[in-house]
Amino acid sequence: MNLRPLLDALDLQEDAARALADDLRAQIDDLQTRLREAETHLEHLTITRKTVTGLADRLPAVAPDLPEHPDYPRILAAFNHTTGPLRAKDVCEALGHELLPKNVEGTRAKLKRLVKLGILTEADTGNFTRKQ
């Protein structure tokens, strides 16, 4: 029996398997390098997040711009002089407006706008307080 053709076939398969293994090792090395780079980047992002959140408490709060109407600063002054929630009717009285439905509804609309701006909160329906 002639073993030479069988051994030659085995040599070819071994060479192909060796080449595949070498190629896979090269890919693994490249992936390990990329993984180390990604992990380093994640560490830097974690450090940045800690730094930013640590500094966030030290930044002064920026008040949003109020709409251009003379009642808005007066509304906020009314909330600064009270400890509890105010209703639109209470704010209307504080502003010196007559308690007509159109005045109360106009004040309510202004209060809702201040809620949208994040300055006030509506604790219960119709009860507005200064946001903490």
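The values are calculated or read from the model by the stated rules, or taken from the named source; none is laboratory data. It should be emphasised that the depicted structure is a prediction, and the values quoted were computed from it without experimental measurement. When we count neighbours, we look across all protein chains shown, and the Cβ atoms used for this are built from the backbone with ideal geometry, even at glycine. Each accessible area value is taken on the protein alone, full model and side chains, heavy atoms only, with ligands, DNA and RNA left out. Shrake-Rupley method; radii C 1.70, N 1.55, O 1.52, S 1.80 Å.
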Exercise. Measuring with a 1.4 Å probe in the full set of protein chains, what accessible area per residue, in whole Å², belongs to region 1-59?
Worked result: 95
Exercise. How many nm is it between the label spots at residue 30 and residue 109, if each spot is 7 Å from the Cα in line with the beta carbon?
Worked result: 6.5
Seminar exercise, completed: A correct Karplus calculation of ³J(HN,Hα) over region 48-54, with 6.51 cos²θ - 1.76 cosθ + 1.60, θ = phi - 60°, whole Hz and x for Gly and Pro, returns 4, 4, 4, 5, 5, 5, x
Exercise. Once phi is turned into ³J(HN,Hα) by the Karplus curve 6.51 cos²θ - 1.76 cosθ + 1.60 with θ = phi - 60°, what whole-Hz value does each residue of region 2-12 show in order, with x for glycine and proline?
Worked result: 9, 8, 4, x, 5, 5, 5, 5, 5, 4, 4
Seminar exercise, completed: So the number of lysine pairs in the chain with alpha-carbon atoms under 20 angstrom apart, 8 or more residues apart or on different chains, is 10
For this session: Give a residue-ordered list of calculated ³J(HN,Hα) values for region 105-120 (Karplus: 6.51 cos²θ - 1.76 cosθ + 1.60, θ = phi - 60°; whole Hz; x for Gly, Pro).
Result: 5, x, 5, 4, 4, 5, 5, 5, 5, 5, 5, 4, 6, x, 8, 10
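Could you state the accessible area per residue of region 70-130 in Å², with a 1.4 Å probe and every protein chain left in place? Intermediate values should be presented prior to the final figure.
Values: 3540 Å² over 61 residues.
For region 70-130, the per-residue accessible area is 58 Å².
What does the charge count around residue 131 come to, taking other residues whose C-beta lies under 14 Å from its C-beta (Lys +1, Arg +1, Asp -1, Glu -1)? Can you show the working numbers first?
On the way: positive: 112, 113, 116, 130; negative: 122.
Counting the neighbours of residue 131, the net charge comes to +3.
As a check on your grasp of the helix formula, calculate [θ] at 222 nm for the chain: sum -39500 (n - 2.57) over DSSP H runs of n ≥ 4, divide by the residue count, round to the nearest 500. Spell out each step's value before the answer.
On the way: 4 runs with 87 residues, N = 132.
For the chain, the value works out to -23000 deg cm²/dmol.
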Exercise. Amide H to amide H, which residues 5 or more places from residue 120 or on other chains are under 5 Å from it, using H placed in the peptide plane?
Worked result: 115, 131
For this session: Sum up the charges of everything whose Cβ sits under 12 Å from the Cβ of residue 15, counting Lys and Arg as +1 and Asp and Glu as -1, but leave residue 15 out.
Result: -3
Problem set entry | Expected-Rg normalisation [2.2 N^0.38 Å, Cα atoms] applied to region 1-59 | 2.47
For this session: For the chain, give the percent of accessible area contributed by carbon and sulfur heavy atoms, probe 1.4 Å, rounded to a whole number.
Result: 56
Seminar exercise, completed: The value for the chain (convex hull of the alpha-carbon atoms, volume per residue, Å³) is 237
